[in-house]
Every structure is written in C-alpha cells, then in structure tokens.
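Participant: Sharing a structure with you now.
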Amino acid sequence: MWFMTLVAYAFALWLGLYLLSRNPADPLLRAAGAGLILLAVALAAQTLQPFAVGATAGALAWVARPLLVAPAFLWLVAVIDLRSRDGQLQPLVARAALVLTLFLALLVGLVLWPLSPIPQAWLVLLLAVDWLLFGFVAAYYDAQSSGEALWPDFLRSLDYAFFTALFFGAQVALVMWLATGLTLPMLSLLLLTVGSAIFLATWGPALASLADRVALAHFPQLRRERSALRAESEARTRLEGAKAPAHLSQEEFARLTRRAYSQMGNLPRLASNPLTRLDMVTRRLAERGAADTALERAAELRQLLIEGAVRLKPREQGEFGTTDEWRHYNALYFPYVAGLKPYSRRATQDGLHGAEAEAMEWFRSQVPQRTLYNWQTAAAKLVARDLRQRAGLESRE
C-alpha cells in the first residue's frame, strides 16, 4: 500500500506543479495546483506514517488527516472560479466538475468519520484519484479556453517528470533494496528525491531562465537568444494541433482576442495564442522583413491589438472622454496599451500627465472593477469582429 501512496504522491505533485507552470496568474489553475501540492504533502505524510515510531509517528498522525482535508478549501476556490465562468464552460467540463465535487464531499466526509467502513488507506487513494481527475479537468478547460492544444504539452511534461523521477528515485530504491530496507530515513529520502526530480523536470524552463540570468549576466545578447528559443519551443508545443484562426467560431475568436489583450504585457504567453497564426500576421511579418518566429508573431499580434484599440477611439473629440462612446476605447487602451493599473494598491499617479492622469482618476472614482472587466469583454468583441473583417474571415462563413 505504501508504494501506491508513493505513486499517488508523485502524480499529485507533478500535476500541481504543471498547473501552476501553465499560468500562475490564473485563479483556477493557482487554486487547483496549490490544492494538489498540498495533497501531495498529505500523501507523503501518509506514506511515512507506518514506518515512524514514538513522537514522530504521533506527529505524522496528527497532521496527516488535516492535510488531507485542507485541500478541499482550495477545491472550493477553484469551483467558485469555474462557476464564475459559466458562459465559457463546455457542458462536459461543467458536468465533470460537478460529479467530482460531489465525490470529493463524500470522500472528505468518510475521512472525517471515525466509524467509516472503508479503510483509511483506500479512502486516501480515492481522494487522490478524485483530485487528479479534477486537476486534469482544470488543465483541459484552460487549454480549451486558451485555444491551445493540451496533449502535446501535457504529455511532454508528464514524460519528463516521470523519467526524471524514475532515474533519480530508482537509485535510492536500489540502495533500500540491497542494503537498508524500508526505513523512515530512506523512505523520506526517496520522497524528497522524487519530489525534487519532478520539480526540476516540470519547472525546467523557468529554472533555466533564472540560471541564465546569473550565468550569462555579462552576455545579454546570448541570454536573450536563449530566452527566445525557449519561448519558441513552448509556443510551438502549445499550438501544435490547435485550431487555425480560420476555423474558429466568432465566439472563440472573440474569447481569444480578449485573452490576447490580457497577455499583451507578456510576449512569451502571447506567443501561444492561436491568433498569432492569422494570415494577416504572416503578411505583415513578410512586409517588414521580420523572421517568422513565435515572438515576432506575438509582437505583430500585439501591434494589431493596439491598432484595434485605437480604432475604437471617438474621432476628433480630444484624447480622453467619459461618455458612453468612450468606454470601449478607455477600457482597452489605458489598461493594456498605456499600462495603467487603476485598482492596484501600488499604482500611483506619479509621472502621469494629461489623458493618462485623467483616466486613472476616472477609473478609480467612477468605474468599479467588475464594470471595467465587462467593458473590456465587450470592447474585445468589437476588435475581434474588426480583425475578422480585415482578415477576410467574415466572408467565409
């Protein structure tokens, strides 16, 4: 049984780290990923508990059950975030999330019930399976809503983590088999080794970027080139098998346009948006003689998004206004193009002048954050329609 719990620990840790690596800023992935990592810690405690004695056994027993229940609160956060996106959810995702949530509630109740007829070890494994399925649903939804292909990136990360953990973990397991046997210190070492291997494999690109900043601090051009290559690889993996822009529905196109605006400040993230494959992007790259790379495509798409926001501006009415005809332009241009963050506690008006200063004050005093989000969604739909017309996609339907 300890081996099955160890396997569940490895999968929970990998999937949690994978979800966080997909997009740490997404509330759904952040909650689901953190919940899986916390579950992995609980599974590690469950694995060690039978081999501990004395105070150590008591400490592990004392923390194991709360650690199993605590991830349920993060599950609740993730489900609430999913429910807030009802209009974007596919029926399959909504039904799966509901079934898994009901199953989780049942399992948590059985874990807490002292007279449960099911052995605790099996309840823990069922709880882990439920969490793993929910984590997959979260990854699937994120890929679908982003217009990305899930399987290439998902399987690549899983394979890297599996073989890296197997390579390093097998060495510790071999020592246990030939010499020490199943002891608490060696099993703890095995868990740490497997966990470290999974972390290195899953967050490899981010760690490599951090290492380059130190190792190549005096070679900025080489550091930028290596960063571009990593971004290229990441974008190609996520876009492999994704829908081409010409095959997107109006709703999908509008959703990806909205997401693209939120990604404008991060070119590597924008590079994985399927709209970078627009024929119009290809044509504009050729016109300016730019290389056909993922980052160049992202930069060209960003320029198209800026132009789309500017085209919403009322003509010959100054640089800023607060009437209804200004709302769509204001909602996209100032937060995404001008870079204003009106609801950030750290944002100040220092250094802002003219229209930007007026816009900052107006957003803070007159526009609730939820209202701005709704305006941005509506404005993105207008830009998406304009992009489709300019790309000649409307005539194909």
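The values are calculated or read from the model by the stated rules, or taken from the named source; none is laboratory data. On a predicted model such as this, the values are computed, not experimentally measured, just so you know. Here Cβ is always computed from backbone atoms with ideal geometry, including for glycine, and neighbour counts include all displayed protein chains. For the accessible areas, the whole protein counts, side chains as well, though only heavy atoms, and no ligand, DNA or RNA atoms are used. Shrake-Rupley method; radii C 1.70, N 1.55, O 1.52, S 1.80 Å.
Participant: Leaving out ligands, DNA and RNA but keeping every protein chain, what accessible area does Val137 have, in Å² rounded to the nearest 10, with a 1.4 Å probe?
Facilitator: Accessible area of Val137: about 20 Å².
Participant: Ok, one more. Ordering Thr276, Thr183 from largest to smallest accessible area (1.4 angstrom probe), what's the sequence?
Facilitator: Sorted descending by solvent-accessible area, the residues read Thr183, Thr276.
Participant: Can you pull out the chymotrypsin sites (Phe, Trp or Tyr not before Pro) in segment 260-367 whose DSSP state is coil and whose Cβ has at most 15 other Cβ atoms within 10 Å?
Facilitator: Loop-located and lightly packed - Tyr343.
Participant: Report in % the part of the accessible area of the chain that belongs to carbon and sulfur, leaving out ligands and nucleic acids; probe 1.4 Å.
Facilitator: Carbon plus sulfur share of accessible area: 63 percent.
Participant: Separate question: Between Gln46, Gln144, Gln369, where does the largest GNM mean-square fluctuation fall for the chain, given springs only between Cα atoms within less than 10 Å?
Facilitator: Gln369
Participant: At a probe radius of 1.4 Å, what is the per-residue accessible area of Arg302, in Å² to the nearest 10?
Facilitator: 80
Participant: Can I ask one more? With contacts defined as alpha carbon pairs under 8 Å and 6 or more residues apart, what's the relative contact order of the chain in percent?
Facilitator: Computed over the chain, the figure is 13 percent.
Participant: Rounded to the nearest whole Å², what accessible area per residue is found for the chain with the 1.4 Å probe?
Facilitator: Accessible area per residue: 51 Å².
Participant: Set the Förster distance to 41 Å, then compute FRET efficiency between Gln389 and Leu106 from the Cβ-Cβ distance, nearest 0.05.
Facilitator: Efficiency for this residue pair is about 0.20.
Participant: What full-extension length gain, to one decimal in nm, is calculated for Arg283 and Ala55 as 0.36 nm per residue of separation minus the Cα-Cα distance?
Facilitator: Extra length available between Arg283 and Ala55 comes to 75.2 nm.
Participant: Would you mind classifying segment 133-173 by shape? Square roots of the alpha carbon gyration tensor eigenvalues, ordered a ≥ b ≥ c; an a/c under 1.5 is rounded, otherwise it is prolate if a/b is larger than b/c and oblate if not. All intermediate terms of the calculation are to be shown ahead of the outcome.
Facilitator: Details: a/c = 5.99, a/b = 2.60, b/c = 2.31.
Prolate, because a/c is 1.5 or more and a/b exceeds b/c.
Participant: Okay, next question. Quick one: ranking Thr202, Thr371, Thr323 by accessible area, 1.4 Å probe, largest first, what do you get?
Facilitator: Thr323, Thr371, Thr202
Participant: From the protein chains alone at 1.4 Å, what is the descending order of accessible area for Leu229, Leu184, largest first? List each step's numbers first, then the result.
Facilitator: On the way: Leu229 125, Leu184 45 Å².
Descending accessible area places them as Leu229, Leu184.
Participant: Grab the DSSP H runs of the chain that are 4 residues or longer, score each as -39,500 (n - 2.57), total them, divide by all residues and round the 222 nm result to the nearest 500 deg cm²/dmol.
Facilitator: Taken over the chain, the calculation gives -23500 deg cm²/dmol.
Participant: What spacing in nm lies between the two simple spin-label points modelled at Glu307 and Ala246, each 7 Å away from Cα in the Cβ direction?
Facilitator: 2.0
Participant: Taking a cut-off of 25 Å between Cα atoms, list the lysines near Lys313, but don't count ones fewer than 8 places away on the same chain.
Facilitator: The qualifying lysines are Lys341, Lys381.
Participant: Another question about this same structure. Distance in nm between label sites at Ala211 and Val129, each 7 Å beyond Cα in the beta-carbon direction?
Facilitator: Between Ala211 and Val129, the label points sit 3.8 nm apart.
Participant: Let me cross-check His328: its accessible surface, 1.4 Å probe, with only protein heavy atoms counted, in Å² to the nearest 10?
Facilitator: About 50 Å², rounded to the nearest 10.
Participant: Computed from the coordinates I sent, Cα extents along the principal axes in Å equals one of (i) 56, 47, 34; (ii) 79, 49, 48; (iii) 65, 47, 41. Tell me the label.
Facilitator: (ii)
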